[in-house]
Structures are given as structure tokens and as C-alpha cells.
Amino acid sequence: MTRLPDRALQVQAVLEAYGGTCPIVVVPETTRTAEDAARALGCAVGQIAKTVVFRGASSGKPVLVVASGVNRVDERLLARQVGEGLAKATADFVRDATGYAIGGVPPVGFPQPIETWLDEDLLQYPAVWAAAGTPNAVFSVAPSALVSMTAGTVTRVR
């Protein structure tokens, strides 16, 4: 059995703390994009729970969106829900806020709580796949469990 990368082990510990039985899978192909992940996992692109981090335009706080891999986040719609404008987050901002690099940001396990919004379209699937700390590590989870683990708000994001 292949040893998980340290970042994936951190995510595994968080999942276990939530009582989850979501084993992490490391695939040889990259899962950096939703399309890459779906191809590597043999699932629909919509089942990929991609994480996107924004920066509040006035507050500077991180805002995390967990979106279905087929959807592009409507930043204006999300900004109305968040209550402030949103700016693109730099790679450094994402790493500082989440502890993870873009392409491997999991939906849980951050140094501090992050306001989280979940795409309602994820709820149509029995299971979705999310990043687990590296561009090649993922885990499968029921969308309802993902909502509980993230304490996120389910909403329309497109």
C-alpha cells in the first residue's frame, strides 16, 4: 500500500475527526482540474467537488466555494450572498488561508474557520469527490456529509 503524502494524511485526520469513513485515494494522474479528476476517477465531471477560494474585496477574508465540476461560479451572485464584493485570490492568499496549494485544497481542515458555500448541484449525486491536500489525492463523500463537515451554506452558485 502506498503511503499517503503528508498533506493528505492531515486531511485524513480531519475526516476521521468528523467520524468520516472517507478513505483517501492517490491517483497517478493529476486531479488538478475537474476534468482531469473525473477522467482519473471514472466519474462524471459534475461529481467533482472543486474548491475555489475568493478574497472578500473589503474585508479581505477568505470565502470558500465548493462547486460542482461542471459549474462556473457566478462571482456576482455569490457576492450578493456573501454581502461584499469578491476578488480573485492569489496563490499565496489561498495557501495562507487554507494551508494548501491551489489544485489540492480540500473542503475541510483549515487553520481557522472559513466561510463556506456549497453548490446545490452537488446534492444530486450519491457521492462526490473532493481534493485531499495534494493535486493527486482525493476522497469520496456523500454530499450531505460534506455539508455537515464544512458547516457550509448550500446555495446556487451559477
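Summary table below
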| quantity | calculated |
| --- | --- |
| Number of positions in region 1-54 that are aromatic (Phe, Trp, Tyr) and modelled with pLDDT of 90 or more | 1 |
| When residues of region 116-144 are limited to those that are modelled with pLDDT of 95 or more and polar (S, T, N, Q), the one nearest to the chain's Cα centre (by Cα) | 116 |
| Filter result for the condition that a residue is without any contact (Cβ under 8 Å) to a residue 60 or more places away in the chain and of a type in the set (Ser, Thr, Tyr), over 116, 155, 150 | 116 |
| Conditions (1) closer than 18 Å to residue 69 by Cβ; (2) assigned to a loop (DSSP other than H, G, I, E, B); number of the one not met by residue 28 | (1) |
| Enumeration of residues in region 63-109 that are surrounded by fewer than 20 Cβ atoms within 10 Å (Cβ to Cβ), of a type in the set (Gly, Ala, Ser) and in a loop (DSSP other than H, G, I, E, B) | 83, 85, 99, 101, 103 |
| Residue satisfying all of: in region 31-61; part of a strand (DSSP E or B) and more than 13 Å from the chain's Cα centre (by Cα); farthest from residue 130 (Cα to Cα) among these | 56 |
| Boolean, residue 101 is touching a residue at least 40 places away in the same chain (Cβ under 8 Å) and within 14 Å of the chain's Cα centre (by Cα) | no |
| Pair list, Cβ under 7 Å, 6 or more apart: region 62-91 residue more than 17 Å from residue 124 (Cβ to Cβ) and modelled with pLDDT of 95 or more, other residue of a type in the set (D, E, K, R) and assigned to a helix (DSSP H, G or I) | 86/75 |
| Region 67-98, residues that are within 13 Å of the chain's Cα centre (by Cα) and of a type outside the set (A, V, I, L, M, F, W, C) | 68, 69, 98 |
| Candidates 11, 94 - the one that is among the aliphatic types (A, V, I, L, M), in contact (Cβ under 8 Å) with a residue 60 or more places away in the chain and under 18 Å from residue 112 (Cβ atoms) | 11 |
| Of the criteria (1) hydrophobic (A, V, I, L, M, F, W, C); (2) surrounded by 17 or more Cβ atoms within 10 Å (Cβ to Cβ); (3) under 17 Å from residue 136 (Cα atoms), which one residue 26 fails | (2) |
| Of residues in region 49-60 being touching a strand residue (DSSP E or B) at 6+ places or on another chain (Cβ under 7 Å) and not aromatic (Phe, Trp, Tyr), the one surrounded by the most Cβ atoms within 10 Å (Cβ to Cβ) | 49 |
| Members of region 31-46 found to be farther than 17 Å from residue 66 by Cα and surrounded by fewer than 15 Cβ atoms within 10 Å (Cβ to Cβ), listed by number | 42 |
| Failed item in (1) in contact with a strand residue (DSSP E or B) (Cβ under 6 Å, 6 or more places away or on another chain); (2) over 23 Å from residue 55 (Cβ atoms); (3) aromatic (Phe, Trp, Tyr), with residue 125 passing the rest | (1) |
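The values are calculated or read from the model by the stated rules, or taken from the named source; none is laboratory data. Note that this is a predicted model, so its numbers are computed, not measured. Neighbour counts are summed over all protein chains in view; Cβ atoms, including those assigned to glycine, are modelled from backbone coordinates with ideal geometry.
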